[in-house]
1. Take the Cα gyration tensor of segment 28-97, multiply each eigenvalue by 5, square-root it, and list the three semi-axes largest first, rounded to whole angstrom.
2. Could the peptides 42-48, 81-87 be put in order, highest first, of the mean number of other beta-carbon atoms found within 10 Å of their residues?
3. In segment 31-76, which trypsin sites (Lys or Arg not before Pro) are in a loop and have at most 11 other Cβ atoms within 10 Å, using DSSP for the loop call?
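Here, each number is a calculation from the coordinates, and none is a lab measurement. This is a predicted model, so every value here is computed, not measured. Ideal geometry is used to build each Cβ from the backbone, glycine not excepted, and the neighbour counts take in all protein chains shown.
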Amino acid sequence: MDKNINSISKLSTADLLNNKNNTAPAGSADFAKELKSALNEVNEIQQDKEKAIADLATGQVKDLHQAALAIGKAETSMKLMLEIRNKALSAYKEISRTQL
């Protein structure tokens, strides 16, 4: 997820609105790919958390510290993903309120 910020395509709102055909802008495929990758990463972290919790519940945990770290990492990654979702929804609502 450490991509260079300059690689993001520079499209103005007018460019997006004047796009007559319904094809996606060039950078949107990359954005969708990165978003899917991030979601998959968060999913893997959540699965690690579930395994750590199950190991704690059954007494099979080998290292309590590692289990606590997995749970904390999962919590933090989920909060970050929720904030990204909230910002995206807010941006979408702002764009939809824009009068043409």
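1. 33, 13, 8
2. For the peptides 42-48, 81-87, the packing ranking is 42-48, 81-87.
3. Passing sites in segment 31-76 are LYS62.
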